[in-house]
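Visitor: A single structure is presented below for examination.
Values quoted throughout were computed directly from the atomic coordinates according to the rules given, and no laboratory measurement underlies them. Worth saying up front: this structure is predicted, and the values here are computed from it rather than measured. FYI the Cβ positions are ideal-geometry reconstructions off the backbone, even for glycines, and counts take in every protein chain you see.
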Amino acid sequence: MLAAIGVASIDDLFADVPEDLRLGRPLELPDGKAEQDVYGYLRTLAARNVSTDDEISFLGAGMYDHYVPALIEHIALRSEFLTPYTPYQPEVSQGGLQVMFEYQTMISELTGLPVSNASVYEGPSALASAGYLARLHNNRTRFVVSRGVHPHSRETLASYSAGWGTTIDEVALADGVTDADALRAAIGDDQLAAPAAVFLAQPNFLGAVEDLELLAPIAKETGALLIVQVDPMTLGVLRPPGDFGVDVAVGEGQPLGNRLDFGGPSFGFFAAQEAFLRRMPGRIAGETVDADGRRGFVLTLQTREQHIRRERATSNICTSQALNALMGTIYLSWLGRQGMVEISELMLQRTAYARARLTALDGVEALHEQPVVREFAVRLDAPVERVLERCYEAGVNPGYPLAREYPEHAGGLLVAITEQRTRAHIDRLAEVLGAAVAAEREAVVA
C-alpha cells in the first residue's frame, strides 16, 4: 500500500504530524483473547448495569422510562424500515418518505408550528442547530440562554458556538423559573448588541412550567429568534409553543416510543415557523403527484450535497435518526390525540401526588413552588449522594442529584414521573426516601 501511494515508510506517511502530537510508543493494549473469553468478559461487564426493569426508577432529567408497546418494535424491525439506505431515490423509497412526511405532520401538530424536518440526532444537537439557524438568519453573534435549559443542551450549544465566534449570556432562575427582569437585562436595549436568539425550556430542567406568555415578548422585542426546548409528553396539557409566537421548537424524542437503552440512540425533533423553512437542518419530505397524478413523496427544498458544503451549508448533520423517528411516529399514532391528553393528565395527577407525599416527609422540602407536569425538584436535609446509595440498596432510584449540574442546589433532587410509576411505587419511594434521609440525619448527629 505504501508503494502504491509512493511513500517509503509509515514514518514518511505521517511526517506532517508534529512530533509532540505523536504517541511515540506502542498502544498499551492487552493480548488478544479467545472469542469465548471475550464473551465472558463482556457478560460480566453487562451484569454490572442496572436497568429500569431491575428497580423502581424516578430518574428523568431528559430521558424517561415510558412504556413502549410491543407493536412499535414489531413494525420498526421490519426489513423495509430496518435496512434501507437514505431515500434519495423517491421511486424506490415511497414507504420511507411517507413515514418522514407523516412524522413531520405529527411534530407540527404537536408543537403548533407549521413546518418540521425529518429529525436530527437528539435533543441537544437540535437546540444547537436552532442556534445556527438564528445565526444565519440575522448575522448576530450573541445568544441569551436561560439556566433552565437542559445542561447538556447548553454544553452542546457552547461547543458549537466556539466555532461560530458566538458568545453566550446565561440568565439565572428565580424560584425555579427564568427571571424575567434578568432576561430583559441580558437582552438589553442596544440594537447593535442584540442577541441572535433567546433560548428557553418548557418545562425547564427543574420541572417548572415557564410563563411563556410573559417571557416570549421580552425575548423577541429586539428581533431575536425565540427558541424553546419542549418535552413532547407534556404537550397534552400545556399550550404548544406555536401559541406564543415561538420561532423554533426543539426537543428530545426519546419519550416518544423509544426505550432508554442505557442512553440511546434516540432522535431530536425540530419544528419552526415557515419563514425558516430553507434554513432548517436535516431533511424535509414533501408531498407531490407523479406523472399519472398519483400521490407521492420526495425529499424537497434542499439537495443531498448541501450538507457537505462546509461553511455554506445550513447543517453538517448528514443523516437523520429515521428509524428512531419512525418509532416516535408509531407511538404517536398508537396514542392518538385523546391518548396524548390522557397520558399527560395521568402524569400531572401522579406528579402532584408524589410532590405532596415527598414534601410531607421530615427533611424534604420543595425546591420551588412553581406548577409542574411530570418532574419536580426537592431539597433534602441530608447528603444527597449517601441518601441515593441507601435508596439504591432498597431497589429504588429516587431521582437525579441536581448538584452535578447546579452547584447552587447542593441538596437538590429531581424526581421524574411517567405513566409507569403507580401510586404504590410513589408510596414506596416516600417510604424509602424518608428512611434514607432520616438515617443520614441521625448519622450526622451521632
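Visitor: I'd like the projected area of segment 70-331, averaged over all directions, using the convex hull of its alpha carbons. Report it in nm² with one decimal.
Guide: Orientation-averaged projected area of the Cα hull: 14.4 nm².
Visitor: Further question: Tell me the Kirkwood hydrodynamic radius of the chain in angstroms, computed as one over the mean inverse distance between distinct C-alpha pairs.
Guide: Value: 24.1 Å, from the Cα pair sum.
Visitor: Another question about this same structure. Given +1 on the Cβ of Lys and Arg, -1 on the Cβ of Asp and Glu, and no further charges, what dipole in debye does segment 136-189 carry about its Cα centre, rounded to the nearest 20?
Guide: Dipole size: approximately 240 debye.
Visitor: Distance between Cα centroids, segment 322-345 to segment 193-258: provide it in whole Å.
Guide: The two parts, judged by their Cα centres, are 20 Å apart.
Visitor: Hey, can you grab everything whose amide H is under 5 Å from the amide H of residue 145? Only 5+ residues off in sequence or another chain; H modelled, so Pro and N-termini drop out.
Guide: 169, 170, 171, 199
Visitor: So if I place +1 on the C-beta of Lys and Arg and -1 on the C-beta of Asp and Glu, and nothing else carries charge, what would the dipole magnitude of segment 70-331 be about its Cα centre? I want it in debye, nearest 20.
Guide: Dipole about the Cα centre, nearest 20: 800 debye.
Visitor: Of 415, 271, 85, which is farthest along the charge dipole of the chain in the positive direction, counting Lys and Arg as +1 and Asp and Glu as -1 at C-beta?
Guide: 85
Visitor: Follow-up. Peptides 64-72, 150-158, 325-333: what's the order by average Cβ count within 10 Å, highest mean first?
Guide: 325-333, 150-158, 64-72
Visitor: Dipole of the chain, Cα-centred, from +1 at each Lys and Arg C-beta and -1 at each Asp and Glu C-beta, to the nearest 20 debye?
Guide: 760 debye
Visitor: Under 5 Å between amide hydrogens, which residues at least 5 positions from residue 366 or on another chain qualify, with H placed 1.01 Å from N in the peptide plane?
Guide: Hits under the 5 Å cutoff: 379.
Visitor: Counting helices only, and only those DSSP H runs with n ≥ 4, report the 222 nm mean residue ellipticity of the chain as the sum of -39,500 (n - 2.57) divided by its residues, in deg cm²/dmol to the nearest 500.
Guide: It lands at -12000 deg cm²/dmol.
Visitor: In whole Hz and in residue order, list the ³J(HN,Hα) couplings for segment 289-295 that follow from phi through the Karplus curve 6.51 cos²θ - 1.76 cosθ + 1.60, θ = phi - 60°; x for Gly and Pro.
Guide: Values per residue, Gly and Pro as x: 10, 8, 4, 9, x, 8, 4 Hz.
Visitor: May I ask which residue of 110, 131, 285 lies farthest towards the positive end of the charge dipole of segment 70-331, with charges of +1 (Lys, Arg) and -1 (Asp, Glu) on Cβ and the Cα centre as origin?
Guide: Farthest towards the positive end: 285.
Visitor: Over segment 150-253, what is the percentage of antiparallel beta bridges among all DSSP beta bridges, to the nearest 5?
Guide: Taking every DSSP beta bridge within segment 150-253, about 20 percent pair in antiparallel fashion.
Visitor: Please identify the helices of the chain, taking whole runs of DSSP H, that span at least 30 Å along their own axis as judged from the Cα atoms and have a mean Kyte-Doolittle score of -1.0 or higher.
Guide: Length and hydropathy pass: 322-359, 423-445.
Visitor: Which of 119, 150, 215 sits closest to the plus end of the dipole of segment 70-331, meaning its Cα is farthest towards the positive end, when Lys and Arg get +1 and Asp and Glu get -1 on the C-beta?
Guide: 119
Visitor: Output the peptides 113-120, 294-301 sorted from most to least packed, where packing is the average of other Cβ atoms within 10 Å over each peptide's residues.
Guide: Highest mean packing first, the order is 113-120, 294-301.
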